[in-house]
1. Looking at (1) under 30 Å from residue B:310 (Cα atoms); (2) in contact with a Leu (Cβ under 9 Å, 6 or more places away or on another chain); (3) modelled with pLDDT of 90 or more, can you tell me which one residue A:327 breaks?
2. Applying the selection to segment D:46-78, what residues are at pLDDT 95 or above and among the hydrophobic types (A, V, I, L, M, F, W, C)?
3. Return the only residue of A:211, A:265 being basic (Lys, Arg) and under 24 Å from residue A:152 (Cβ atoms).
4. Tell me which of these residue C:118 doesn't satisfy, since it passes every other one: (1) farther than 30 Å from residue C:314 by Cβ; (2) more than 15 Å from the chain's Cα centre (by Cα); (3) crowded, with 22+ Cβ neighbours inside 10 Å.
5. Mind checking which pairs have a first residue in segment A:312-341 that is under 19 Å from residue A:301 (Cα atoms) and a second that is part of a helix (DSSP H, G or I) and of a type in the set (A, V, I, L, M, F, W, C), Cβ under 6 Å, 6 or more apart or different chains?
6. Those residues that are aromatic (Phe, Trp, Tyr) and touching a residue at least 24 places away in the same chain (Cβ under 8 Å), I need them from segment B:168-216; list them, please.
7. Tally up the residues in segment D:287-298 that are of a type in the set (Ser, Thr, Tyr) and more than 7 Å from chain C (Cβ to nearest Cβ), please.
8. Answer with yes or no whether residue B:170 is in contact with a Gly (Cβ under 8 Å, 6 or more places away or on another chain) and farther than 18 Å from residue B:331 by Cβ.
There are 4 protein chains.
Amino acid sequence: MSSNSFGQLFTVTTFGESHGPAIGCVVDGCPPGIALAVEDFEHDLARRATGKTRHTSARREADAVEILSGVYEGVTTGTPIALLIRNTDARSKDYGNIARQFRPGHADYAYWQKYGIRDPRGGGRSSARETTMRVAAAVIAKKWLHDRFGVRVHGYLSQLGEIVPVQFDSAAIDWDVVESNPFFWPDAAQVPELETYMDALRKSGDSVGARVTAVADGVPPGWGEPIYGKLDGDLAAAMMSINAVKGVDIGAGFASIAQKGSEHRDLMTPQGFASNHAGGVLGGISTGQQIVVSTAFKPTSSLRLPAHGLDTDGHTVEVITTGRHDPCVGIRATPICEAMLALVLMDQALRHRAQCGDVGTVTPRIPGRIDG
Amino acid sequence: MSSNSFGQLFTVTTFGESHGPAIGCVVDGCPPGIALAVEDFEHDLARRATGKTRHTSARREADAVEILSGVYEGVTTGTPIALLIRNTDARSKDYGNIARQFRPGHADYAYWQKYGIRDPRGGGRSSARETTMRVAAAVIAKKWLHDRFGVRVHGYLSQLGEIVPVQFDSAAIDWDVVESNPFFWPDAAQVPELETYMDALRKSGDSVGARVTAVADGVPPGWGEPIYGKLDGDLAAAMMSINAVKGVDIGAGFASIAQKGSEHRDLMTPQGFASNHAGGVLGGISTGQQIVVSTAFKPTSSLRLPAHGLDTDGHTVEVITTGRHDPCVGIRATPICEAMLALVLMDQALRHRAQCGDVGTVTPRIPGRIDG
Amino acid sequence: MSSNSFGQLFTVTTFGESHGPAIGCVVDGCPPGIALAVEDFEHDLARRATGKTRHTSARREADAVEILSGVYEGVTTGTPIALLIRNTDARSKDYGNIARQFRPGHADYAYWQKYGIRDPRGGGRSSARETTMRVAAAVIAKKWLHDRFGVRVHGYLSQLGEIVPVQFDSAAIDWDVVESNPFFWPDAAQVPELETYMDALRKSGDSVGARVTAVADGVPPGWGEPIYGKLDGDLAAAMMSINAVKGVDIGAGFASIAQKGSEHRDLMTPQGFASNHAGGVLGGISTGQQIVVSTAFKPTSSLRLPAHGLDTDGHTVEVITTGRHDPCVGIRATPICEAMLALVLMDQALRHRAQCGDVGTVTPRIPGRIDG
Amino acid sequence: MSSNSFGQLFTVTTFGESHGPAIGCVVDGCPPGIALAVEDFEHDLARRATGKTRHTSARREADAVEILSGVYEGVTTGTPIALLIRNTDARSKDYGNIARQFRPGHADYAYWQKYGIRDPRGGGRSSARETTMRVAAAVIAKKWLHDRFGVRVHGYLSQLGEIVPVQFDSAAIDWDVVESNPFFWPDAAQVPELETYMDALRKSGDSVGARVTAVADGVPPGWGEPIYGKLDGDLAAAMMSINAVKGVDIGAGFASIAQKGSEHRDLMTPQGFASNHAGGVLGGISTGQQIVVSTAFKPTSSLRLPAHGLDTDGHTVEVITTGRHDPCVGIRATPICEAMLALVLMDQALRHRAQCGDVGTVTPRIPGRIDG
């Protein structure tokens, strides 16, 4: 598996640098027969896009997807689907002064140490622009998961700095609320507070971290493979592969450290599980409950506030970032987390089908299947 | 990649059920020329072993490793190394009554839904006994990493329930203290408190979660692959693949959500990084700093306290676990977290060497390399 | 994918040296619910076994398979199936004198150059003994392919030195004839000739090559993936991975070089294809016709006749092989070629099911499906 | 590994249909620091191109490669290299009449059975146009192999129908002769005969098969992995993945069936191997000798001569191909076979380096290394 490919059977290979000619991806292993048009990508790409509100970076990309292959007369054919987006708003001059500098908190130094060379324009390959193609690829996964199984994938911001939602029931979120504010926040009453907080933050020149929670409803029990192909293991790798992520947890997650076993374990009744501390996964396999995965985003290191970095000669330099950057990268990471969740589910669905057969073609597992 | 294999180039494939004839693994891709004998496995297997103190499960396994292949006259030959451990202390009768029950918080129900069949003896494949082979395989990785690069891998318990270490500098842990108490706890003064806490917990029949932190010193900068093969992405998958894990974070991890960027980003000086909120990884690639990864373990669901589960007919049953189980599975997970960290580093070292060449055979990256 | 693993979804990882403690394999990705017992392996292992007749090596191994995991109450559970065979008839003294010699035509020199170390006992890992585990793993594949799809896999010797079958219709072989003579020869009338030929060859101390043809009937159309996962591409890799193989072809194979297109292309009628020069594969995908793959085995280089080799100091040595060896290794390679064909089909069946769904769950492709 | 990707560490993923908007590839795992410009691709793409002489198809494509990523200031950076070629000469109308027909000898029927849908324009994904990107990707591999190890890869036509080279020493081919005639033929004196033969063939409306031999000089000993990652196993899969290939052999190949062991085994002397029946590979590992791999191409099935096919309703149709097609596809397959050989060597070089270290960084294997 190459390091720019994700998924074993529904395989997404991405390419492109932030300020190169284009970014793109190849989606291999896609089932045939899925209706697909360029319009399908618009909604999620817009949700992720820069320049949406004053709270995110001012870079504006059309993000017009071209389908280069794998679709014939509007339907996927089973051959690789190549998607291409030209970079139209690249401003290399913003970054020219840091070509020989290693910025603190950035991948510059690590890339240099690894390869002995790096593309400094806009962060090159390490830019979050790469995640555009994940969102695009996941559009296909979401369609198939929904059409075939009724799976619905959503995401929301579950923490911004030290602010957490007040009114909040994770299993009963009003997704219209989430989608109607620029923070993907589940509690409408708090939005003004967030606006004020972000305005002050932007004015200060500083940044802050965030927590994004992605959920999937309707996932059948049985997806995920034991041991090294666990559903939660794949989710952990998927989320950690997103830029600026420093942590991932499932269900009760880190909070389960302080829980007692008698509290944590989700009791089972003929009507279903009585709670969902597990986050929908036991032993690496889905249980039929809602899949819940949360991701911790660090505050971006691209600040107007000066900081000590190094240059390629090993001397101290003062680094100030004047380019366009988000004061909280976690906000528009919400669609990216959704995308990675969808890609993992799609891949695991195909892997499950390979070993165990299509749902509906095997004998029902138990008479009283719950939550399925 | 099969779901029971871990690693792309240093590949560990494990097999075996808790109460089957044996457990084992095949280690493929191992460099030739490493001295290896059965005695090498004893130390780490003993650290992980059950039955060590009254605070862990009473099951006692000799855990005697047999080397079946890949070693000739005490040296690895480059061919696959098969390791085998016979199960000698399996007591199937302990588990017979739950063959047709799904225990809350266990993988039973998920396995049944996936496969339509499961081996109920001791949890079968979902038992933590499988992790024995990870620890064994990692012994080889630790040897090579240390002999060739001077890498040292350690782990400690960084939280037990709500108890956290008092005296504690993560970069300057006294590993003799950690190894000299049954909790892998870094602060000797707190050990009596932990003993008291665990005795009360065991008496109550309940269990609690824990946090384990694994660190690696001496990792050269440049290991890890961008995007989907990130060092931290691999670590997240590795840790999440361990039984009972619900979360993983790197460096400041979830705490970075509430941090400001001006606080989080680690400044660079000619003498090295000024802090390590990154946990040794930027852009998915090692920076030469200490690698720091923490893992959240849920409280075990195997309790003497009764709880509602289901049977295979979909009826409610009251489940009581009378077998041998740890009140805090996180404690002896410490060597397992170390093992997964070592396996990830070994694999990434080989992957880096493949693409970029051996350390020492390429032109130095920068004149004033720091921390390397 | 590690180099000792075969198959992407039905993955067989083998281990072990010819004269080490044991050989074995781990079969991962196996569908649950297949009845499996140690007796199932006996027939094919006996067909492959050494010591069967005077025309093959005199080494006698019990080849008793132990199932270490993945089977519960006689049925596969979906978890990895580990199979183990202890080496009981290893005679290391036969090979002691060549520990520091490179024998012409053997892998000794290549292993030494690659690894700087090798296990010289009986050829170590490069011995054909490794293929025992392929035959064992393929027993499981054959069962599933037959039970689920009615696929039948057979093999026969289609050339021995310069001798080819006289009476011979590849699509209508009498498999009872093939199985009733020690050469897997399809024409009973020629068996005495082969006996005389082999007796003379053995007396001369020389060896000869052979051609083995493996066929599969009942393979549904649609298995195999375009481009780099072609059914015939996988077959080529599979057959070439067998010891002593120097060539692989499909259907008309090398004979198609001298064919005209008007002769080669198989016409299609509503009743089916009119011929099978394609060998059952077009564009890398099965057509529903008989799959036909032939493999060229070189003559073994282990001869009583002396030859010039080198020692590890680079000096010329005269090499004479006095151990037990077959004058024609191709003969008992027949079950091995069958095994590799079955393993490829099994893997491709699962891969097809992953992307395109179970046969029977999709709309029939064309009204008048042919040959399927 | 997705089915449109080739190579484990130097991974080439191709996409695109014959008459879609574009074809392209993503090359992942490429070492950093290789000088690369669009001009580098011109020579080999021209050698492969259609429309070169009257003996190949009349389709004319500019085949102008655009580098979309992975190269900065003319040097590879270690990130994925995406290459794109727009299709400019697609004439869909040539193929419109066969959209609902299955042509004999083509992949049409197999694709339909597999996917239930296919892109009929110019053969869609099953067109040999896909191989353009293999040739492009291999340009990078050839550069690195040559610059770092002095490896040289060549190919020639070793059989055309029943015509074989007269004057011919495979180890001493004059590559200027091969490159100076449109047949890649090694014996200049035969070229007029070939011209006459091909003119007659084209006039007849029929086609013929061919044999292409690709060789690599300068390959160090030790490349290739035992068992399922054998150098010759990878070569077999690589060649069989090319359109119209029905067979692959190594060194003496199928001719070794009729050889005696005393003839086949290549004797070793302090000055090197005395012959090369092995084709440079023993036990799946390179020996330092010339790598020799031959590939059998079937005659194309696209003929002006009518033949019976089927339509999607299962009825017989008479198929006549009036589009542009080569009467012998094997001729311009020569650069494709070279490309696949180069890609396999590149991948194995990286795999060897991963496990065993860079050449030059390990202790020399034997004092008197031969042929290395």
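1. (1)
2. D:65, D:67, D:68, D:71, D:75
3. Numbers: A:265 fails: under 24 Å from residue A:152 (Cβ atoms).
Exactly one residue qualifies, and that residue is A:211.
4. (1)
5. A:327/A:201
6. Here is the first cut: in segment B:168-216, the residues aromatic (Phe, Trp, Tyr) are B:168, B:175, B:183-185, B:197.
Residues satisfying the conditions are B:183, B:184, B:185, B:197.
7. Step one: of segment D:287-298, the residues of a type in the set (Ser, Thr, Tyr) are D:287, D:294-295.
Narrowing the set further to residues that are more than 7 Å from chain C (Cβ to nearest Cβ) leaves D:294-295.
Looking only at that region, the number is 2.
8. no
The values are calculated or read from the model by the stated rules, or taken from the named source; none is laboratory data. None of these values were measured; they are calculated from a predicted model. With ideal geometry, Cβ positions are generated from the backbone for all residues, glycine too; neighbour counts draw on all protein chains shown.
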